[in-house]
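Worksheet: the structure to be examined is printed underneath.
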Amino acid sequence: MIRKVFPILALCVFSSTLGIGIVSPLLPLYVRDMGATGIWLGIIMAAYFISNSVAVPIAGRLSDRRGRKLFLTTGLLAYSIISLGYILGTNTLHIVLIRLIHGVAGAVTIPIAMAYLGDLSPEGEEGRWMGYANAAFFSGFGFGPLIGGVLTEHFGMTVAFSTMGGLNLLAFLVVTIFLPEVRAWKKGAATDSSYKGLVASRIMRGLYSFRLGFATARGAFSTFLPILAGIHLGLGPSLIGVLLTVQRDYAGRATEDNTVSRGRPGLLWRLKA
């Protein structure tokens, strides 16, 4: 079954990350034209990740009880509608609110797609299928800035945002029509582990600290690089997209290498039992 379902999940993950990637090279310049200062720019970029971090564990637990498909379709539909919000937003406060909603939509899309994949992966092949999913994940993140930069430079930001919405609307329709719901998950997939237990784990604290530091550095880089390249170096959106694509492709390959080794499940997969 996983061979039939995986292309749908890959499309879901690719469309979601591609949409986020399309926004990356142009959003800092977009809000700067609205008069956003450095502090507001930081708030705008952080809003997505703050709401995403809060919503992910909640969405994960609810999807364990109510099924994955509902959350996937809701997130993809929200993604497609959010693109209109970027177009219609007129000030920095509007964009902050849109980013907060965008983060929640992301929480019920990409992580749930990964959980769905984990439900269907044959025992002992989790690492293999996670590697395939990561390829779709980082391809979207990698090609998104390049596509967004080219669209912005030649057609304007409105077309770039509309493309993000159209891709996620397509994924929404495909998931709604073709993706079956999983009713019986693997034994042990739904555990009684609590947040307190996760915090008490040294391994989880170490992983969390690493991811927090990595994400903080990467977020700062991705936020202010477009401003530096656009204003001080005079680069256009296309070249800014190329810079972000190169950086994300390198980071993505490193992360994927750590996730899967010789077809065996990565550390996080081994911990889930």
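In this structure, does Phe172 turn out to be at pLDDT 85 or above and of a type in the set (Phe, Trp, Tyr)? Judged against the criteria, Phe172 is a match.
For every residue, the table says whether it meets (1) over 15 Å from Glu181 (Cβ atoms); (2) of a type outside the set (Phe, Trp, Tyr); (3) in contact (Cβ under 8 Å) with a residue 60 or more places away in the chain.
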residue	(1), (2), (3)
Arg66	no, yes, no
Leu84	yes, yes, yes
Leu88	yes, yes, no
Leu93	yes, yes, no
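Specify which of the listed residues (Gly106, Gly140) is surrounded by 22 or more Cβ atoms within 10 Å (Cβ to Cβ), closer than 21 Å to Arg218 by Cβ and either at pLDDT below 85 or among the aromatic types (Phe, Trp, Tyr) (or both).
Result: Gly140 is the single residue among Gly106, Gly140 that is surrounded by 22 or more Cβ atoms within 10 Å (Cβ to Cβ), closer than 21 Å to Arg218 by Cβ and either at pLDDT below 85 or among the aromatic types (Phe, Trp, Tyr) (or both).
A search for C-beta distances below 8 Å between a residue of the stretch 220-240 that is free of Cβ contacts under 8 Å to residues at least 60 places away in the same chain and any residue that is part of a loop (DSSP other than H, G, I, E, B), counting only pairs 6+ apart in sequence or on different chains, returns Ala229/Leu235. Go through the residues of the stretch 56-78 one by one and say whether even a single one is within 21 Å of Ser162 (Cβ to Cβ), out of contact with any Phe, Trp or Tyr (no Cβ under 8 Å at 6 or more places or on another chain), at pLDDT below 90 and crowded, with 22+ Cβ neighbours inside 10 Å. No: the stretch 56-78 contains no residue that is within 21 Å of Ser162 (Cβ to Cβ), out of contact with any Phe, Trp or Tyr (no Cβ under 8 Å at 6 or more places or on another chain), at pLDDT below 90 and crowded, with 22+ Cβ neighbours inside 10 Å.
On the stretch given as the stretch 1-37, residues that are surrounded by fewer than 24 Cβ atoms within 10 Å (Cβ to Cβ), in a helix (DSSP H, G or I) and among the small types (Gly, Ala, Ser) total 1.
From the list Ala189, Ala217, Ala251, which one is at pLDDT below 70 and within 30 Å of Trp40 (Cα to Cα)?
Working: Ala189 fails: within 30 Å of Trp40 (Cα to Cα); Ala217 fails: at pLDDT below 70.
Just one listed residue meets the conditions, Ala251.
Note on the stretch 148-167: residues that are within 15 Å of Ser15 (Cβ to Cβ) and surrounded by fewer than 23 Cβ atoms within 10 Å (Cβ to Cβ) amount to 4.
The values are calculated or read from the model by the stated rules, or taken from the named source; none is laboratory data. This one's a predicted model, so the numbers in the text were calculated from it and none came from an experiment. Ideal geometry is used to build each Cβ from the backbone, glycine not excepted, and the neighbour counts take in all protein chains shown.
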